[in-house]
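> My structure is below; once you've seen it, I'll send some questions.
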Amino acid sequence: MDGVIQNLERAINLNPDKYREIAKTDSDFDKVRSHSQFQALIEE
């Protein structure tokens, strides 16, 4: 799970608007959606 969140953080650093929106809606993130680090990344 940590790898998913780390990769998402890298993607958000490159293009915040695009990857935050993808993370909010893409079902691939369903398993980590409730994780506190995931929530922090998409709410910044």
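> Show the residue pairs that are 6+ apart or on different chains and have beta-carbon atoms under 8 Å apart, the first residue being within the stretch 19-37 and surrounded by 12 or more Cβ atoms within 10 Å (Cβ to Cβ), the second being assigned to a loop (DSSP other than H, G, I, E, B) and not aliphatic (A, V, I, L, M).
Every condition considered, the pairs that remain are Arg20/Glu44.
> For the stretch 1-18, what are the residues that are β-branched (Val, Ile, Thr) and either surrounded by fewer than 12 Cβ atoms within 10 Å (Cβ to Cβ) or at pLDDT 95 or above (or both)?
Ile12
The values are calculated or read from the model by the stated rules, or taken from the named source; none is laboratory data. This structure is a prediction, so every number in the text was calculated from the model and none was measured. Ideal geometry is used to build each Cβ from the backbone, glycine not excepted, and the neighbour counts take in all protein chains shown.
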